[in-house]
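Step one of this worksheet: look at the structure below.
What follows is calculated from the coordinates using simple rules that are stated; it is not laboratory data. All values reported here derive from a predicted model rather than from experimental measurement. No Cβ is skipped: glycine too gets one built from the backbone with ideal geometry, and neighbour counts run over all protein chains shown.
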Amino acid sequence: MLGLARTVERRWSAAVKPDQELIDEALSGQVGAFAELASRHRGSVERLCQRFFSDHELARDLVQESFLKAFAGLKTYRAEMPFGAWLRAIVINLCYDELRRRRRKPEELVGDFTEPELDWMQLVNTATPEEIVSAAEEKRHAHDLAHRLLDTLRPDDRMVLVLKDSEDMAVSEIAAALGWSEAKVKIRAFRARQLLRKQAERILSAERRWAAR
């Protein structure tokens, strides 16, 4: 039985084409090859878009736009970089452009929080990072509120915070994807963590003033 399983696994592995082979086929006019390539990487692209935007329709549009842009620019791809990393850079820059277009100010968020959201925001100011992560994983409103707090950050700060802390990308990877220096990435990461806490404090204070009217 074990021998049969290994035989099936070897045949399956042999049938899976590497990314570069699919890229070559797509460049030769075989559209189905790019469709297979897109299907292979769709999960990671969707996850990355959803890191930045809780609006599922917007995230879906960005996924589609990412693959359209990748297909249009496929001839510029160079095999020295893994295709997944090249595609990720496209997604990151599309999300970055969208963040710059949609940024909200902290005062625009005041007055539309629920009690559970306010309780969780208070936690941001007092809890350990582990407690915050645990709360965010357990409660849907915490996930939504995290996005709304991130909406108040400058796009540069939010981009670095998400890529470094959520996607666990190295400083060098972030710098390469955005065309920044590594020093700028480090400075932005430090600044973003401080600003996120300050934004939570500002919103809580403004919310209390709004509720007292």
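Annotations for the structure displayed:
- Unit charges on C-beta of K, R, D, E only; dipole of region 1-102, Debye: 240
- Computed from the C-alpha gyration tensor, the three semi-axes of the ellipsoid equivalent to region 1-102 are 30, 18, 11 Å, from longest to shortest.
- Summed residue charge, Cβ within 10 Å of residue 189's Cβ, Lys/Arg positive, Asp/Glu negative: +4
- Cleavage-rule hits, GluC sites (Glu not before Pro), region 29-102, DSSP coil, Cβ neighbours within 10 Å at most 14: 80
- Amide proton proximity set for residue 169, modelled H, under 5 Å, gap of 5+: 164
- Each label point was placed 7 Å from the Cα along the Cα-to-Cβ direction; for residue 202 and residue 79 their separation is 5.0 nm.
- Between residue 168 and residue 101, residue separation times 0.36 nm minus the direct Cα-Cα distance comes to 21.6 nm.
- Rounded to the nearest Hz, the phi-derived 3J(HN,Hα) couplings of region 180-190 under the Karplus curve 6.51 cos²θ - 1.76 cosθ + 1.60 (θ = phi - 60°) are 9, 7, 5, 4, 5, 4, 5, 5, 5, 5, 5, where x marks glycine and proline.
- Taking other Cβ atoms within 10 Å as a rough exposure proxy, 76, 152 sort from fewest to most as 76, 152.
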